[in-house]
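The values are calculated or read from the model by the stated rules, or taken from the named source; none is laboratory data. Remember, it's a predicted structure, so these values are computed and weren't measured experimentally. Here the Cβ positions follow ideal geometry from the backbone for every residue, glycine too, while neighbour counts run over all protein chains shown. The area values use the complete protein model at the heavy-atom level, side chains included, leaving out ligands, DNA and RNA. Shrake-Rupley method; radii C 1.70, N 1.55, O 1.52, S 1.80 Å.
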Amino acid sequence: MAVALRPLSYALGAEVLGIDLTRPMSESSFGEIYRAFLDHGILLIRGQKITREQHIEFSRRFGELDRHEALPRDRHPQYPELLMVTNVPQADGSPSNSRYTGQLWHSDMSFTLVPSLGSLLRAAKVPPVGGDTMFANMYAAYEALSAGMQKLIADLHGIHRPERKNAGVDPAWEQENRRLNPPVAQPVVRTHPETGRKALYIGEKVKSFEGMTQEESRPLIDYLIRHATRPQFLYRHQWQPDDIVIWDNRCTMHVALGDYDPAQRRHMERTTVLGTPCGHVAAEAAVH
Ligand code: SIN
């Protein structure tokens, strides 16, 4: 079967048409999907009424799945391969731990030593308006930098912390998160292990470069994020229920915009495919 694709934006992304994930898929069809994933950075598959088991099973075709040990409060109690991104209150009525998940520009699990290869996010409930997610093509962002800037950042490492927007809202969660996830230094320029192309690897979880102070690092971090999020590098996804969006964390970054009425429900479930080891625990002296 030849997989039919429709581009999603100038910068990145393709919709995969005519796929039903409740039905068996041959190795060759999956091979085409994987090729499209590498070529386009993001894939959208609409209208998939799949179970949690089917979500996990399809995700496993991309590689071994993260059991989200780094984010134990946010995973599904029965399905550790599923990370909840939800504003549905907890059983005792208290607010969900994950209501602000993803609301900073980031690449999944960059704050760990095995940053993710890719993620598959399924929309179970979406608000009537908003709740969009924006994606940036980090190959294109890297390639558009001048030779001088590419040289300047070639050997820099950004220190990634497991931070979320609205810091201070949930101190117990934040304390546990910091204990489980010491700051990790990742290269600012990463070579994609499968395509061999260079991509920027930065985001709003980076507050400093290794060996530099926050004050010294801030202007360049701000510049690189502003550069990477110029409109020509972006795709903005407007969710429909039963959408699945699959992204390559090695050459894209994304942000959940939080542009919706918090009284409306938004419930997403994500599998996270493990990548190859990258980065090192940041030297304490450099973390300030
Ligand atoms: C995520 O960062 O994995 C979640 C993105 C979203 O909820 O839109």
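Averaging sequence separations of C-alpha pairs under 8 Å and six or more residues apart, then dividing by the length of the chain, give the relative contact order as a whole percent.
The value is 33 percent.
So what is the 222 nm mean residue ellipticity for the chain from helices alone, if each DSSP H run of at least 4 adds -39500 (n - 2.57) and you divide by all residues, rounding to the nearest 500 deg cm²/dmol?
Here the helix-only value at 222 nm equals -6000 deg cm²/dmol.
If the only charges are +1 at each Lys and Arg Cβ and -1 at each Asp and Glu Cβ, what is the size of the charge dipole of the chain around the Cα centre, to the nearest 20 debye?
Dipole of the chain, to the nearest 20 debye: 300 debye.
For a Förster distance of 35 Å, can you work out the FRET efficiency between the beta-carbons of Leu152 and Thr51, rounded to the nearest 0.05?
Computed FRET efficiency for Leu152 and Thr51: 0.10.
Say the dipole of the chain comes from +1 at the beta carbon of Lys and Arg and -1 at that of Asp and Glu; which of Pro183, Thr51, Ile244 then lies farthest toward its positive end?
Ile244
Just the projected area, averaged over all directions, of the convex hull on the alpha carbon atoms of the chain: how many nm²?
14.8 nm²
Working with all protein chains in place, sort Asp242, Asp155, Asp39, Asp259 by solvent-accessible area computed with a 1.4 Å probe, largest first.
So, going from the largest accessible area down, we get Asp155, Asp39, Asp259, Asp242.
Rounded to the nearest 0.05, what FRET efficiency is calculated for Gln90 and Arg60 with R0 set to 30 Å and r the Cβ-Cβ distance?
The value I calculate is 0.60.
Springs between alpha-carbon atoms under 10 Å, Gaussian network over the chain: tell me which of Pro219, Pro187, Pro115 tops the mean-square fluctuations.
Of Pro219, Pro187, Pro115, the most mobile in the Gaussian network model is Pro219.
To the nearest 0.05, how large is the calculated FRET efficiency for Arg226 and Val169 if R₀ is 25 Å and r is the Cβ-Cβ distance?
0.45
Of all the Cα-Cα pairs you can form in the stretch 42-131, what percent are over 18 Å apart?
In whole percent, the long-distance tail amounts to 51.
Calculate the length of the line joining the C-alpha centroid of the stretch 146-160 to that of the stretch 222-269, in whole Å.
Comparing the Cα centres of the stretch 146-160 and the stretch 222-269, I get a distance of 25 Å.
How big is the antiparallel share of DSSP beta bridges in the chain, given as a percent to the nearest 5?
95 percent
Stretched out fully, how many nm does the piece from Arg179 to Glu69 gain, at 0.36 nm a residue minus the Cα gap?
So the chain would gain 38.4 nm between Arg179 and Glu69.
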